[in-house]
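Nothing in this text is a laboratory measurement; each read-out follows from the coordinates by a stated rule. All of these numbers come straight from a predicted model, not from anything done at the bench. Neighbour counts run over all protein chains shown; Cβ positions are idealised from the backbone, glycine included.
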Amino acid sequence: MVVKIDKNKCLRCGGCVGTCPKLALNLTEHGLVCDPEKCVDCGICVQFCPVGALSLQKKKK
Ligand code: SF4
Ligand code: SF4
């Protein structure tokens with residue numbers, strides 16, 4: 001799975017970046033990005049985001 005980022009909701013506050021234990025989240029000039037190679041689907045960032053911009057999404061097989 002990978003964390004899906006709703007760019008219309010995301011405020012780019014960067015708060016979730018520091019909550020990720022795997023350092024999979026990064027705030028770039030293009031907005032927030034999640035590195036699927038690092039993400040372990042723990043959901044911590046999903047619960048943290050104050051505007052609900054993050055969600056866990058299953059990878060298509
Ligand atoms: S906590 Fe939410 S609003 Fe803030 S950067 Fe992360 S996804 Fe965006
Ligand atoms: S689900 Fe967990 S590992 Fe993946 S980006 Fe969010 S906090 Fe990081």
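In what sequence do 29, 37 fall when counting other Cβ within 10 Å, fewest first?
Least crowded to most crowded, the residues run 29, 37.
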### Charge dipole (the chain, unit charges on Cβ, about Cα centre) - positive-most of 49, 17, 1
1
### Task
Kindly identify segment 2-57 as rounded, prolate or oblate by the Cα gyration tensor criterion: order the square roots of the eigenvalues as a ≥ b ≥ c, call it rounded if a/c is under 1.5, otherwise compare a/b with b/c, prolate if a/b is larger, else oblate.
rounded
#### Entry: segment 4-20 - phi-based ³J(HN,Hα) in whole Hz, Karplus 6.51/-1.76/1.60, Gly and Pro as x
8, 10, 8, 5, 6, 8, 4, 8, 6, 6, x, x, 5, 4, x, 7, 6
#### Entry: Extension gain from residue 30 to residue 56, taking 0.36 nm per residue of separation minus the Cα-Cα distance
7.3 nm
### Message
So if I place +1 on the C-beta of Lys and Arg and -1 on the C-beta of Asp and Glu, and nothing else carries charge, what would the dipole magnitude of the chain be about its Cα centre? I want it in debye, nearest 20.
### Response
280 debye
### Message
Using only DSSP helix segments of four residues or longer, with each worth -39500 (n - 2.57), what per-residue ellipticity at 222 nm results for the chain after dividing by its residue count and rounding to 500?
### Response
-1500 deg cm²/dmol
### Summary
The cysteines in the chain that find no other cysteine Cβ closer than 4.7 Å to their own Cβ are 10, 13, 20, 34, 39, 42, 49
